[in-house]
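Each remark here refers to the structure printed beneath this line.
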There are 2 protein chains.
Amino acid sequence: MARINADRLLADLDHLRSFGACGNGVVRTSLSPVDMEARHWLATRMREAGFEATIDGVGNVIGRSPNPGPALLVGSHSDTQPQGGWLDGALGVIYGLEIARALLEDPATADLAVDPVSWIDEEGTFLGCLGSRSWCGVLDPKAEAAARNAAGTSLADALAAADLVDRPRARMEPGRYLGYLEAHIEQGPYLEEAGLEIGVVTSIVGIRGCTVRFEGEQNHAGTTPMPRRRDAGVALFDYAVRIRERFQALAGDRTVWTIGRATLDPGAPSIIPGRAEMMLQFRDADVDRLDRMEAAAEALAAEATAAGPVKVTCTRARAPVAPTIMDAGFQQHIADAAERIVPGRWMRMPSAAGHDPMVVAHHIPCAMVFIPSIDGISHDFAEDSKRDDIVTGCRVLADAAESILRAGG
Amino acid sequence: MARINADRLLADLDHLRSFGACGNGVVRTSLSPVDMEARHWLATRMREAGFEATIDGVGNVIGRSPNPGPALLVGSHSDTQPQGGWLDGALGVIYGLEIARALLEDPATADLAVDPVSWIDEEGTFLGCLGSRSWCGVLDPKAEAAARNAAGTSLADALAAADLVDRPRARMEPGRYLGYLEAHIEQGPYLEEAGLEIGVVTSIVGIRGCTVRFEGEQNHAGTTPMPRRRDAGVALFDYAVRIRERFQALAGDRTVWTIGRATLDPGAPSIIPGRAEMMLQFRDADVDRLDRMEAAAEALAAEATAAGPVKVTCTRARAPVAPTIMDAGFQQHIADAAERIVPGRWMRMPSAAGHDPMVVAHHIPCAMVFIPSIDGISHDFAEDSKRDDIVTGCRVLADAAESILRAGG
């Protein structure tokens, strides 16, 4: 069974945390100076362990085992949210580093090839999953040209500032990879609530997003009698309450939906809103359920328009993200490793958040492992996991990687 | 019966419209260069008619009849909304000018004293009812010091730019005034729908405004299961729908309420709102009903907090505006004049919008007359009234003014 060095794992995680540390959290948005410092440090750590390491033209850090393939790529992303936690992404990156070097230095596994990776901008500071898209050859040039961060800096300027423009962009080497493995904190409460230590990810949920627009008539909030009003805000509130009832009737155990933004226009206390708008997002692992939910959102808009007095339209706000199924064989290797290391204390579960395997799984087999998040918190400085759980997750993933490589996929 | 010059009335209204004309609308916000041009023109027109006219230190244009008192002050405001109609304010100002000069030039009424006035900034570009507050001696120095327009210009800078700082601020001359009369477009649909020509205003409705705040827990829109969420937006939508039911049960025929602003924080599609806020405003002529509505808004907040999972608080967002009762004797004079001129085609009605008499009525008796608004539209370039209705309104107010002055109040 593959053996990892728990102290080294935790020390490197703590060191990565120091880049952009901010209280208990981390601010290390992609391509920022501190993100690039961390990436150079990661490349150095890979080289110290005997790997060729490159930082490519978009900022991906990719290590290459001295062994020939077939290889496994193992990692995650080391960029963070604007107010990020210390483990989101970082955990999987250091797992990749530790598993690659642990297998290489142990004579029992020194023949196996694991390439560690840290993708760039999974969090979408400029363009979500920028690094894995680029590596897979599916980075849309128009999207790249349009990408800017919240401060208005273009991706091109950020790449130039990070001294990356003259570097080649790495692409997947045909035939080298059996697949890609990624570990991540769960970011939800299910493992902790069930008292389990490992989640074997079955799929990454699909996401749909709609913009619902309400067109009424702006008017004076004093002189316009209630029966004559065409208040776009009132229509929005009604829609929000009614779509909840409809979605509750369609939902499975893990279906989620969110109205994250709502605006009334012009937004003054003494003016009846003439226009209003909301963002409605919903996620599920079942594409048929997503279809039914989208149809329900559109139907409610049409019904509201027919009933009057406000016109309601529901249109897609983003390209739909299809559910991504994790490789069944890889899942079984991970499940078997979990059963060996923490017997009975693991479960299969979907991922409700998006991750780079959503991109990579269209090209090579992928699988993910989750470890528990304390209180289910993520995307927040308070994000944390128990050190024992961090070590256990790495042991399971290392064992699964060995088993996959020995089986040849 | 007092006789007005309809052609001169309409010509002066059209001329005033030319200052800041913008399509069918007018942009003549208070203390802007074009507002000051219009005020200098108004002062000139008053002087041409035999009145002393001054522009005071805040921009009020006040004419003084050569006759001794007791006098009636008649007018309105000549500043507009940022995208204003051509009659809001302007109508009452030119009525004041026309009635003052018509009575003075007719030997039958030449002994009567009418002082025409155009207040400044009723619309609150800097500070609502600035001119009438100043004239009544109730302009709060702190509010004046803090007053800025939407572009951030301070009132003090605007007064300096308008060349007003060295002018004295006019104050009500003790003993001179029987009272103040103001005409205005209705800004609502009631007169037009009833096929009537004159509204005798009984009161100006009171206004209450509350801020309702919702404190939940911000979290990831993918990984947080529905039952664990403390979504501030969901609580806001529920509150909005439920307060409507409560207010409907408390409302009279003319009660109005409006949620003009609502915000979710942080307002991102993939984040469960941790905080939310809405502005809830309600208006009625009955102060007891306003009290009951405010109590209902507070009670619903307390109930929602008790039911969980989001904390809801309701606090006053503005100083309450008490309903302002128009002088009963003045109302009767206007009603009698309307019955003489348009028998059976007038009604008594409250004003649902605020006007300078809300300030002035605390110092001298006030009354208002309304003429129909086409489609009830105001605060919009499309605001308009029929020319016949404009003339009729002026005839009624002139007749009422003569009758009040003859009766000595």
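Please verify whether B:PRO365 is more than 14 Å from chain A (Cβ to nearest Cβ) and touching a Gly at 6+ places or on another chain (Cβ under 6 Å), treating the condition exactly as stated. Before you say what the answer is, go through the steps one by one.
On the way: more than 14 Å from chain A (Cβ to nearest Cβ): yes; touching a Gly at 6+ places or on another chain (Cβ under 6 Å): yes.
Yes, satisfied.
Consider B:VAL342 carefully, then state whether it is touching a helix residue (DSSP H, G or I) at 6+ places or on another chain (Cβ under 8 Å), under 26 Å from B:TYR177 (Cα atoms), touching a residue at least 12 places away in the same chain (Cβ under 8 Å) and β-branched (Val, Ile, Thr). Lay out the reasoning, then the answer.
Details: touching a helix residue (DSSP H, G or I) at 6+ places or on another chain (Cβ under 8 Å): yes; under 26 Å from B:TYR177 (Cα atoms): no; touching a residue at least 12 places away in the same chain (Cβ under 8 Å): yes; β-branched (Val, Ile, Thr): yes.
In short, no.
Please give the number of the condition B:SER351 fails out of (1) buried (at least 22 other Cβ atoms within 10 Å of the Cβ); (2) away from chain A (no Cβ under 14 Å).
That leaves (2) as the condition not met.
Might you check whether a residue that is surrounded by fewer than 17 Cβ atoms within 10 Å (Cβ to Cβ) and among the β-branched types (Val, Ile, Thr) occurs anywhere in region B:92-103?
As a first pass, look at region B:92-103 and keep what is surrounded by fewer than 17 Cβ atoms within 10 Å (Cβ to Cβ): none.
Checking region B:92-103: not a single residue is surrounded by fewer than 17 Cβ atoms within 10 Å (Cβ to Cβ) and among the β-branched types (Val, Ile, Thr).
Let me confirm something: among B:GLY57, B:GLY75, which residue is surrounded by fewer than 24 Cβ atoms within 10 Å (Cβ to Cβ), in the same structural domain as B:ALA382 (by TED's automatic domain parsing) and not hydroxyl-bearing (Ser, Thr, Tyr)?
On the way: B:GLY75 fails: surrounded by fewer than 24 Cβ atoms within 10 Å (Cβ to Cβ).
Within the list B:GLY57, B:GLY75, the selection yields B:GLY57.
Go through (1) more than 25 Å from A:GLN83 (Cα to Cα); (2) free of Cβ contacts under 8 Å to residues at least 24 places away in the same chain; (3) in a helix (DSSP H, G or I) and name the single condition A:HIS40 misses.
(1)
Select from region B:249-263 the residues that are of a type in the set (Gly, Ala, Ser), over 17 Å from A:PRO225 (Cβ atoms) and either touching a helix residue (DSSP H, G or I) at 6+ places or on another chain (Cβ under 7 Å) or at the interface with chain A (Cβ under 7 Å from one of its Cβ atoms) (or both) and list them in ascending order. Steps first, answer last, please.
In the first step, residues of region B:249-263 are kept if they are of a type in the set (Gly, Ala, Ser); the result is B:249, B:251-252, B:260, B:262.
Restricting the remaining residues to those that are over 17 Å from A:PRO225 (Cβ atoms) gives B:249, B:262.
The one that is of a type in the set (Gly, Ala, Ser), over 17 Å from A:PRO225 (Cβ atoms) and either touching a helix residue (DSSP H, G or I) at 6+ places or on another chain (Cβ under 7 Å) or at the interface with chain A (Cβ under 7 Å from one of its Cβ atoms) (or both): B:ALA262.
Of the numbered conditions (1) within 13 Å of chain A (Cβ to nearest Cβ); (2) touching a strand residue (DSSP E or B) at 6+ places or on another chain (Cβ under 7 Å); (3) crowded, with 20+ Cβ neighbours inside 10 Å; (4) not hydroxyl-bearing (Ser, Thr, Tyr), B:GLY376 satisfies every one except a single condition; which is it?
With respect to (1) within 13 Å of chain A (Cβ to nearest Cβ); (2) touching a strand residue (DSSP E or B) at 6+ places or on another chain (Cβ under 7 Å); (3) crowded, with 20+ Cβ neighbours inside 10 Å; (4) not hydroxyl-bearing (Ser, Thr, Tyr), B:GLY376 is out only on (2).
Please specify each residue of region A:269-289 satisfying the condition of being more than 10 Å from chain B (Cβ to nearest Cβ) and either in contact with a Cys (Cβ under 7 Å, 6 or more places away or on another chain) or not in a strand (DSSP E or B) (or both). Full working, then the answer.
Filtering region A:269-289 for residues more than 10 Å from chain B (Cβ to nearest Cβ) gives A:274-275, A:277, A:284-289.
Of everything in region A:269-289, those that are more than 10 Å from chain B (Cβ to nearest Cβ) and either in contact with a Cys (Cβ under 7 Å, 6 or more places away or on another chain) or not in a strand (DSSP E or B) (or both) turn out to be A:GLY274, A:ALA285, A:ASP286, A:VAL287, A:ASP288, A:ARG289.
State yes or no: is B:VAL360 crowded, with 16+ Cβ neighbours inside 10 Å, within 14 Å of another protein chain (Cβ to nearest Cβ) and either in contact with a Cys (Cβ under 8 Å, 6 or more places away or on another chain) or at pLDDT below 95 (or both)? Even if it seems obvious, please write down each step before you answer.
Details: crowded, with 16+ Cβ neighbours inside 10 Å: yes; within 14 Å of another protein chain (Cβ to nearest Cβ): no; either in contact with a Cys (Cβ under 8 Å, 6 or more places away or on another chain) or at pLDDT below 95 (or both): yes.
The answer is no for B:VAL360.
Does region A:213-220 include one or more residues that are within 7 Å of another protein chain (Cβ to nearest Cβ), more than 28 Å from the chain's Cα centre (by Cα) and touching a residue at least 24 places away in the same chain (Cβ under 8 Å)?
yes
For B:ALA335, are the conditions met, namely being within 25 Å of B:ILE198 (Cα to Cα) and modelled with pLDDT under 95? First the steps, then the outcome.
Values: within 25 Å of B:ILE198 (Cα to Cα): yes; modelled with pLDDT under 95: no.
When the stated conditions are applied, B:ALA335 does not pass them.
Where in region B:86-181 are the helices (runs of 4 or more DSSP H), entirely inside, with at least 1 residues that are assigned by TED's automatic domain parsing to the domain that holds B:GLY23 and touching a Cys at 6+ places or on another chain (Cβ under 8 Å)? I'd like the intermediate steps shown before the answer.
Details: elements: B:90-105, B:130-136, B:141-146, B:155-161.
Filter on region B:86-181 gives B:90-105.
Which residue pairs have Cβ atoms closer than 7 Å, lie 6 or more positions apart in sequence or on different chains, and pair a first residue in region B:278-299 that is farther than 25 Å from A:ALA262 by Cα and at pLDDT 95 or above with a second residue that is surrounded by 21 or more Cβ atoms within 10 Å (Cβ to Cβ) and among the acidic types (Asp, Glu)?
B:LEU290/B:ASP284
What are the residue pairs meeting all of these: first residue in region B:229-247, first residue without any contact (Cβ under 8 Å) to a residue 40 or more places away in the chain, second residue in a helix (DSSP H, G or I) and surrounded by fewer than 20 Cβ atoms within 10 Å (Cβ to Cβ), Cβ atoms under 7 Å, and 6 or more apart or on different chains?
The qualifying pairs are B:PHE237/A:VAL241; B:VAL241/A:VAL241.
Keeping to region A:182-233, report how many residues are assigned to a loop (DSSP other than H, G, I, E, B), among the hydrophobic types (A, V, I, L, M, F, W, C) and surrounded by fewer than 24 Cβ atoms within 10 Å (Cβ to Cβ). Steps first, answer last, please.
Looking only at region A:182-233, we keep the residues that are assigned to a loop (DSSP other than H, G, I, E, B), and these are A:186-189, A:195-197, A:205, A:216-218, A:221-225, A:229-231.
Filter once more, keeping what is among the hydrophobic types (A, V, I, L, M, F, W, C): A:196, A:205, A:221.
Next cut, surrounded by fewer than 24 Cβ atoms within 10 Å (Cβ to Cβ) only: A:196.
Qualifying residue count, region A:182-233: 1.
Working only within region A:308-334, note down all residues that are over 17 Å from A:PHE214 (Cβ atoms) and either of a type in the set (A, V, I, L, M, F, W, C) or over 22 Å from the mean Cα position of the chain (by Cα) (or both).
A:ALA319, A:VAL321, A:ALA322, A:ILE325, A:MET326, A:ALA328, A:GLY329, A:PHE330, A:GLN332, A:HIS333, A:ILE334, listed by residue number.
Among the residues of region B:47-85, write down those that are farther than 17 Å from B:ARG101 by Cα, touching a helix residue (DSSP H, G or I) at 6+ places or on another chain (Cβ under 8 Å) and part of a strand (DSSP E or B).
Hits for region B:47-85 are B:ILE55, B:HIS77.
The values are calculated or read from the model by the stated rules, or taken from the named source; none is laboratory data. Owing to the predicted nature of the structure, the values given are computational and were not obtained by experimental measurement. Methodologically, a virtual Cβ is constructed for each residue, glycine included, from the backbone with ideal geometry; neighbour enumeration extends over all protein chains shown.
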